[in-house]
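Each remark here refers to the structure printed beneath this line.
The values are calculated or read from the model by the stated rules, or taken from the named source; none is laboratory data. Since we're looking at a predicted model, the values are computed, not measured. Cβ placement follows ideal geometry from the backbone for every residue including glycine, while neighbour counts extend to all protein chains displayed.
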Amino acid sequence: MLRWRRVKLAAGVLLAAAPAVYMVAAAPRPDPGTARLALDAPLPQTVPPGVTLAVGDPTTEAVMKHLGWQAPFAIKWARITGGPAVTEAFHAKVLDVGLSADIPPIHATWVGIPVKTIAVMFRADPANHPLYELAVAPGSGIASLADLRGKRIAFSPGQVQGEVVLRTLAAEHLTKKDVTLVELPSTGADVYINALVGGLVDAAPLAPGAATRHYLDDWGAKGARLLPHPGFRDDLLNIYVRQETLADPAKAAALRAYVQLWARANAWIDAHPAEWAKLYYVDQEGLSPDDARYVVEATGRRDAPRDWAGAVALQQSAVNLMAAETGHKRFDAHALFDTRFEPVEAQAWSAARQQVASR
């Protein structure tokens, strides 16, 4: 079993790096007399009046507001993103819908929060548009993945970054005796970048976004670089919810409608990359137009599979790996997926792609 050590960053570093997280008030609990929906019952298709979903999905929020789309229910948008923040919000029961890569739903299950994935998305060209690459620190002496032996690597067991590290080590035939894993949850790109620049770690998984680009611009002359990880997929994106939310018939109907909106929003983003770069990354996130174009190009196009078998297989592989390396109990990854939503997403994605293609 891999062991890792924790480190504490200076308070100023953490405060500067962590993104704003706005918690929302807990939704009213359903009346005890309300009928509960079985997890294998057909999804209700009509959303009754008075339903509200608390949603942490800034990209769909941006598209809906930009285009004036309306949902058949009220949405309480929450600035809650990233696995650790979503898990915390699910634990507090202040969030209905969260987005993450593959590890957070697994981690939520292990910490006693039963969840279900209700939609999945991949990148259409994952080999050329990975979710993460391994950044190395200036002066680390790391020129290739083989040089990771004896190095300190940032590690977050509850996020996909941790999986990327473990799979990379396995591909390089490295063991727990060969490296030091430094437990450091990535609440934002700057956390890992500050750790790299500050000499706390020698390597860390970073998304190829604007912050990573500037890290290379600023420190590349001193040895900072990005190393592609071996050829495994890291691009699975999930919409997931607490099982308790799905047991509420009214919210289950609203979730069905939300998955349709999510698919439609992603199809629109794919079809309008320049407009998306400006409205979200420039106007909302404050990036320069050049950085915004870079991020959109690094992300690439999206792909919503009609069949979730590939997503289930990837999740099972992640469960097996993380269970073996962290001491948690292995489980069947099918339990993470609510396949009632599989045709809902597929049909919405197909219809949305056809609609944008016809314009």
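The number of residues in region 203-239 that are closer than 28 Å to VAL86 by Cα and among the basic types (Lys, Arg) comes to 2. THR117 falls short on exactly one of the conditions (1) assigned by TED's automatic domain parsing to the domain that holds ARG79; (2) surrounded by fewer than 18 Cβ atoms within 10 Å (Cβ to Cβ), and that condition is (2).
Would you call LEU53 at pLDDT 95 or above and either within 25 Å of GLY83 (Cα to Cα) or surrounded by fewer than 17 Cβ atoms within 10 Å (Cβ to Cβ) (or both)?
Details: at pLDDT 95 or above: yes; either within 25 Å of GLY83 (Cα to Cα) or surrounded by fewer than 17 Cβ atoms within 10 Å (Cβ to Cβ) (or both): yes.
It is true that LEU53 is at pLDDT 95 or above and either within 25 Å of GLY83 (Cα to Cα) or surrounded by fewer than 17 Cβ atoms within 10 Å (Cβ to Cβ) (or both).
Of the numbered criteria (1) part of a helix (DSSP H, G or I); (2) touching a residue at least 60 places away in the same chain (Cβ under 8 Å); (3) among the basic types (Lys, Arg), the one LYS329 fails is (1). Within region 126-140, one or more residues are in contact with a Gly (Cβ under 6 Å, 6 or more places away or on another chain) and closer than 30 Å to ARG306 by Cβ.
Residue check: is ILE153 of a type outside the set (D, E, K, R), closer than 19 Å to MET322 by Cβ, surrounded by fewer than 23 Cβ atoms within 10 Å (Cβ to Cβ) and at pLDDT 95 or above? Against the criterion (of a type outside the set (D, E, K, R), closer than 19 Å to MET322 by Cβ, surrounded by fewer than 23 Cβ atoms within 10 Å (Cβ to Cβ) and at pLDDT 95 or above), ILE153 does not qualify.
Residues checked against (1) at pLDDT 95 or above; (2) outside the structural domain of ALA195 (by TED's automatic domain parsing); (3) in a helix (DSSP H, G or I); (4) not polar (S, T, N, Q):
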site	(1), (2), (3), (4)
ALA25	no, yes, no, yes
ARG29	no, yes, no, yes
GLN45	no, yes, no, no
PRO48	yes, yes, no, yes
ALA62	yes, yes, yes, yes
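Each residue in region 179-216 was checked for being hydroxyl-bearing (Ser, Thr, Tyr) and in contact with a Lys or Arg (Cβ under 8 Å, 6 or more places away or on another chain), and 1 of them qualify.
Of the residues in region 285-304, at least one is outside any helix (DSSP H, G or I), polar (S, T, N, Q), out of contact with any strand residue (DSSP E or B) (no Cβ under 8 Å at 6 or more places or on another chain) and more than 30 Å from ALA170 (Cβ to Cβ). Checking VAL259, VAL282, VAL295 one by one, the residue that is of a type in the set (A, V, I, L, M), surrounded by 15 or more Cβ atoms within 10 Å (Cβ to Cβ) and in contact with a Leu (Cβ under 9 Å, 6 or more places away or on another chain) is VAL295 and no other. If you go through region 183-234, how many residues are among the acidic types (Asp, Glu) and surrounded by fewer than 18 Cβ atoms within 10 Å (Cβ to Cβ)? So the count comes out to 3. Could you grab me the full set of residues in region 72-93 that are surrounded by fewer than 18 Cβ atoms within 10 Å (Cβ to Cβ) and in a loop (DSSP other than H, G, I, E, B)? Of everything in region 72-93, those that are surrounded by fewer than 18 Cβ atoms within 10 Å (Cβ to Cβ) and in a loop (DSSP other than H, G, I, E, B) turn out to be PRO72, ARG79, LYS93.
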